[in-house]
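The values are calculated or read from the model by the stated rules, or taken from the named source; none is laboratory data. Small disclaimer: the values here were computed from a predicted structure and weren't measured. Heads up, the Cβs are rebuilt from the backbone with ideal geometry, glycines too, and the neighbour counts pull from every protein chain shown.
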Amino acid sequence: MADQYAGTDLGEQPPAPPPLPVLRWAEPPEGPVVVLLDQTRLPAEEVETVCTDVPALVRAIQTLAVRGAPLLGIAGAYGVALAAARGFDVDAAATQLAEARPTAVNLAHGVRRALDAHRAATDKGATPEEAATAALTEARRLHTEDAEASATMATAGLALLDELLPGGSHRVLTHCNTGALVSGGEGTAFAVVLAAHRAGRLRRLWVDETRPLMQGARLTAYEAARNGLPYTLLTDNAAGSLFAAGEVDAVLVGADRVTADGSVANKIGTYPLAVLAKYHHVPFIVVAPATTIDPRTPDGAATEIEHRPGSEVTQFTAPTPGATAGTGTAGGTPLAPLGTQAYNPAFDVTPPELVTALVTEAGVVSPVTRGGIEELCARSRQVTIS
């Protein structure tokens, strides 16, 4: 396949863009708030959403104004700190946050860390203000740790790519969005791609559109363009022809949960890519922080899969300047007859035998086995076998 199919070649690399203001804590005179870049408005416009309480943050999580497994953990931690700082019921807030999206294990992890810090301070006789500060300090610590993990994964992932694909002209296919929009740093799988680009070893990034909510088309393409990457967007069902043409050297994806046996829950459409990669002898690499590993979930079959509104499939709602984040239940363009039922799982599960390697900040597991996952968890500072 020649480069007449190439979507975007941006020539010489421009200066690195400023960091995306994805999530931040702010303290205006009216009281502390969590400020989010509203991802439902991208790429049309960069607009921030201000959450003054936990219900607002939960809505932002459920409507995907804030999304991505690592970032959800950070948001959850800041949400606990917000409840504490504003004098709300911290335990109730933690429960609401942890249950906002059930598949992404990082969300509950972040909530738990901030809640444990708050409880520990309270148990030591801290005032409510001091306990709130303890929760905020832990949220900030998690934010920093995730940025550091992102950088480590980028380095490890690029080294693995170079080992698997000698020659240094990588054509990488990715699915959904795994960049700065999901992370305290530059992302997970996208951070590896960005490292390859900066090293002059990325020939092309193939971007799956990622139906039905188009996170690839809206968000990954946005980040690729912002960073000057050579990228091409494709419909999800064109991936097979791309593999058949020999145009994919590796698949790099993120994860929302990795179970004890190494099964990977990720954005719907990931599993078919793993099957295609296996058939075509293409490495299939998962990049995720160690907090994404959930040793309490024994295997893929035990993973709780979130199902979203059918209207996301039966209607199309494009980002519109001035629009309000929502679940796509109103205001969309009909794609199917009125009353059509839709099957709309947010995630699918890829079995470990289809995964070439799992890259984390605590190390790389390859092949991906239960024993390898246990060893990785034992090395990690953040995940322990319970």
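The set of residues from segment 34-70 being crowded, with 22+ Cβ neighbours inside 10 Å and without any contact (Cβ under 8 Å) to a residue 60 or more places away in the chain comprises Val34, Leu36, Cys51, Val54, Leu57, Ile61, Val66. How many residues, within segment 225-239, are touching a residue at least 60 places away in the same chain (Cβ under 8 Å), touching a strand residue (DSSP E or B) at 6+ places or on another chain (Cβ under 7 Å) and not in a helix (DSSP H, G or I)? Result for segment 225-239: 5.
Of all residue pairs spaced 6 or more apart or on separate chains, those with beta-carbon atoms under 7 Å, a first member in segment 100-122 that is touching a residue at least 60 places away in the same chain (Cβ under 8 Å) and a second member that is of a type in the set (Ser, Thr, Tyr) are Thr103/Thr303; Val105/Thr292; Asn106/Thr291; Asn106/Thr292; His109/Thr291.
This table checks each residue for (1) at pLDDT below 95; (2) over 18 Å from the mean Cα position of the chain (by Cα).
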{"residue": "Tyr222", "(1), (2)": "no, no"}
{"residue": "Ala225", "(1), (2)": "no, yes"}
{"residue": "Asp249", "(1), (2)": "no, yes"}
{"residue": "Leu252", "(1), (2)": "no, no"}
{"residue": "Ala260", "(1), (2)": "no, yes"}
{"residue": "Val264", "(1), (2)": "no, no"}
{"residue": "Thr270", "(1), (2)": "no, no"}
{"residue": "Val282", "(1), (2)": "no, yes"}
{"residue": "Glu312", "(1), (2)": "yes, yes"}
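Please pick out the residue among Leu97, Leu158 that is part of a helix (DSSP H, G or I), closer than 21 Å to Glu361 by Cβ and among the hydrophobic types (A, V, I, L, M, F, W, C). Please lay out each step first, then the result.
Details: Leu97 fails: closer than 21 Å to Glu361 by Cβ.
Every option except Leu158 fails the conditions.
Looking for whichever is touching a Phe, Trp or Tyr at 6+ places or on another chain (Cβ under 8 Å) and not assigned by TED's automatic domain parsing to the domain that holds Arg226 here; the options are Val35, Val90, Val66. Which one fits? Break it down into steps so the answer makes sense when it comes.
Working: Val90 fails: touching a Phe, Trp or Tyr at 6+ places or on another chain (Cβ under 8 Å); Val66 fails: touching a Phe, Trp or Tyr at 6+ places or on another chain (Cβ under 8 Å).
Selected residue: Val35, the only one of Val35, Val90, Val66 that is touching a Phe, Trp or Tyr at 6+ places or on another chain (Cβ under 8 Å) and not assigned by TED's automatic domain parsing to the domain that holds Arg226.
Within segment 193-202, the set of residues being touching a Gly at 6+ places or on another chain (Cβ under 9 Å) and in contact (Cβ under 8 Å) with a residue 40 or more places away in the chain comprises Val193, Leu194, Ala195, His197, Ala199, Arg201. Considering segment 324-373, and only residues there that are modelled with pLDDT under 95 and either of a type in the set (S, T, N, Q) or not assigned by TED's automatic domain parsing to the domain that holds Gly254 (or both), the residue that is nearest to Thr259 (Cα to Cα) turns out to be Thr327. Consider segment 13-70 and keep the residues that are in contact with a strand residue (DSSP E or B) (Cβ under 8 Å, 6 or more places away or on another chain), among the charged types (D, E, K, R) and part of a loop (DSSP other than H, G, I, E, B). The one that is farthest from Ala139 (Cα to Cα) is Glu46.
Looking at segment 126-155 only, could you name the residues that are of a type in the set (A, V, I, L, M, F, W, C) and assigned to a loop (DSSP other than H, G, I, E, B)? Correct list: Ala126 only.
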